[in-house]
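A short write-up of the structure that comes next.
Readers should treat all values here as calculations from the given coordinates under stated rules, not as data from a laboratory. None of these values were measured; they are calculated from a predicted model. Cβ sites come from the backbone with ideal geometry, for glycine too, and all protein chains shown count toward neighbours.
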Amino acid sequence: MLAAFLIVYGKFFPRRLASLAAMVSAHCGGRVCAPQLRPAIWPAAAAIALFVITGCDPPLSQAPEPRPSRDNTLHIDVSYAFGTLDPTRPVTSGCNCIFPLLFSYLFVPGPDGELEPDLATAWSYDPDERAWTIHLRSDARFHTGDPVTATDVIYSLTALSEELRPALGEQVDAITRLADSAVEIRLNADDPEFPKKIWDIDIIPESGPDRFDYYKNPVGSGPFRFASRNKAEEVVLEANPDFYGGRPKLDNVVFYFEPDQDRSWTRLLAGRTDIAAEITPEHYEMIQRFEDRFHIDRYTLKYYTILLYNTYDPLFSDPSVRTALTLAIDRQAMVRDILRGYGRVATGPMGVDSPYADPDIKPLPYDPKSSIRSLIAAGWRYDSVGRYLHKDGQPFAFTLLVPRESTIKKQAARQIQLNLNDIGIKVHLEALPLDELVAKYRRNTAFQAVLTEFRGAYRNPESLEEYWSSNLGRPAAAGRFSQPDLDDLFRKSRLETKPFEKRRLIHELEELFIELQPGTFLFHQTALDVMSRRFSLPCPFTLSYQGISRLRHAIINPN
């Protein structure tokens, strides 16, 4: 592995290889011959050296990874472990990257954003009846050989909306089977854009999770079918020869769990993987010089990173205190220093560039002096040496949960820790696996503060109710957050049919979020995804949901 890496790295950066080799030589007792190490080492090369240094001694518990053959297999690194492949269950794992190749959809957005047929061949809307009629293709079959019917579509739409998108379910009056190949969706209110809200619902067999083991044998109707898995570490898909769109050109797709972004990047350079998602900004700055060797996609994520507070904890029950914490955190510095400029400061739950966001609302500033004044007004006082805040004999100290798999979130957590320490607040950091971390706050209050991410409102503002409202018959997903005025605005905006009034209510909702600060809205990260040009694509490379779906068209490059 080391030799392959050095060959590739030397081909890309011959002038820096000597410095790298000298560093390795010094660490490994002179086993690598090289000129004397220069005083200044380029930061990215230093990061690579750390990887190489750790490989100087034979590993005690793991043999070197085999280099994949140059076969017709696409290798994809994913930064989160793989859990269940049941799309009707809450998914906090790398499985989201697998779903678009394993399952089919009614329609899929094309490069221009307009919906294109997939399982659906045609769809029409009757505004008087507020009803959508969707016609299905007759040649689609699940991986078991069973046909995909209207009954399966109704089951999938109902199961997913009940479990994961209750706000979407609130918009639907009834879903009716018109024939084996036709479905009617009747809405509670006029919505000519409704298909764009449901296109990414994975279609599975009726009662699929009850009939099949979706951890060991998931069943879909997509271009690839499940072949095998190695626990949470690896999932292998194989081409579906009976796919209604034609057998993919690829033979297999292998998803590999690699939580270390530095290691994923070196695997990409060494040819051990073909796709590395969300590489670090330092690596991106290096690799973009070689666009002839890689497909590179750069875009602003529609998910924002948030420091979510448990508003049931006395420390965070006061909105003025939560606002003070936001004022004490330098979010622009996070974008500048941690993301190296590849991101944008978040404003609120709508998300940057959301069509529903109020353009007049700006992010709260970094203002630690105002933060201290607000905390003092809320009853907090400094100790006898003027260092740390106390109230009623208790220090302002809390535990911040951080996803173990995310390098960037761990860096952001350390900056939060430093910023709040500057104003007299102690923060203890605790890293947890993502699924364990999410279970602490998803409709739960088993946390004090957590660093996580939520999706903004890009297709419909009602989607925010799932995170922030108790209107939907169960606690809000974001730490059971509840506020009567917020619930009332959500309810009114969902039922409002006049566009101008609906927009006014949504903007009022956003203003209330800024006042309440249920969390500190930190940043939207710019995704930096890279794919080897060992494969060619007939469309631009992207790891969005629809982009992953289009990877089925990838073909191995004969050059």
(Q) Can you give me the long-range amide H partners of residue 523? Hydrogens built in the peptide plane at 1.01 Å from N, cutoff under 5 Å, separation of 5 or more residues or another chain. (A) 305, 346
(Q) Taking θ = phi - 60°, what integer Hz values does the Karplus form 6.51 cos²θ - 1.76 cosθ + 1.60 yield along the range 288-300, in sequence order, with x for Gly and Pro? (A) 5, 6, 10, 5, 6, 9, 9, 7, 10, 10, 9, 7, 7
Q: Be a star and scan the range 310-325 for residues whose amide nitrogen sits under 15 Å from the point 7 Å along the Cα-to-Cβ vector of residue 445.
A: 310-319
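Calculate the dipole size of the chain relative to its Cα centre from +1 charges on Lys and Arg beta carbons and -1 charges on Asp and Glu beta carbons; express the result in debye to the nearest 20.
On the way: 64 positive and 73 negative charges, 462 e Å.
Magnitude of the dipole: close to 2220 debye.
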Q | Per-residue ³J(HN,Hα) for the range 136-143, Karplus 6.51 cos²θ - 1.76 cosθ + 1.60, θ = phi - 60°, Hz, x for Gly and Pro | A | 9, 6, 9, 9, 7, 10, 6, 5
Q) What are the residues whose amide H is under 5 Å from the amide H of residue 274, where those residues sit 5 or more places off or on another chain and H is modelled from the backbone? A) 75, 76, 77
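Kindly identify the range 94-211 as rounded, prolate or oblate by the Cα gyration tensor criterion: order the square roots of the eigenvalues as a ≥ b ≥ c, call it rounded if a/c is under 1.5, otherwise compare a/b with b/c, prolate if a/b is larger, else oblate.
Taking the square roots of the gyration eigenvalues as a ≥ b ≥ c, the range 94-211 is rounded.
For a footprinting-style exposure proxy, rank 170, 162, 462 by other Cβ within 10 Å, fewest first.
On the way: 170 19, 162 13, 462 22.
In increasing order of surrounding Cβ atoms, one gets 162, 170, 462.
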**Q.** Label-point gap, in nm, between residue 298 and residue 512 - each point 7 angstrom along Cα→Cβ
**A.** 4.0 nm
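Grab the beta carbon distance between residue 378 and residue 545, set R0 = 41 Å, and tell me the FRET efficiency rounded to 0.05.
After rounding, the FRET efficiency stands at 0.45.
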Q | FRET E, pair residue 186, residue 211, Förster distance 25 Å, beta-carbon r, rounded to 0.05 | A | 0.35
Q | Inter-label distance for residue 177 and residue 536, nm, one decimal - labels placed 7 Å from Cα along Cα-to-Cβ | A | 4.6 nm
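Can you tally the net charge around residue 523? Count Lys and Arg as +1, Asp and Glu as -1, for every other residue whose Cβ sits under 9 Å from the Cβ of residue 523. Display every interim value, and only then the final one.
On the way: positive: 331, 344; negative: none.
Combined, the nearby Lys, Arg, Asp and Glu give +2.
Tell me the mean residue ellipticity at 222 nm calculated for the chain from its helices only (DSSP H runs of n ≥ 4, each -39500 (n - 2.57), averaged over every residue, nearest 500).
-8500 deg cm²/dmol
Give me the extension gain from residue 392 to residue 263: residue separation times 0.36 nm, minus the current Cα-Cα distance, reported in nm with one decimal.
Values: separation 129, 0.36 × 129 = 46.44 nm, distance 4.77 nm.
Separation in residues times 0.36 nm, less the Cα-Cα distance, equals 41.7 nm.
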Q.
Please list 3J(HN,Hα) in residue order for the range 207-219, calculated via the Karplus relation 6.51 cos²θ - 1.76 cosθ + 1.60 where θ = phi - 60°; whole Hz, with x for glycine and proline.
A. 6, x, x, 7, 9, 10, 8, 7, 8, 9, 8, x, 10
Q | Pairwise label distance in nanometres, residue 233 with residue 555, each label 7 Å out on the Cα-Cβ vector | A | 3.5 nm
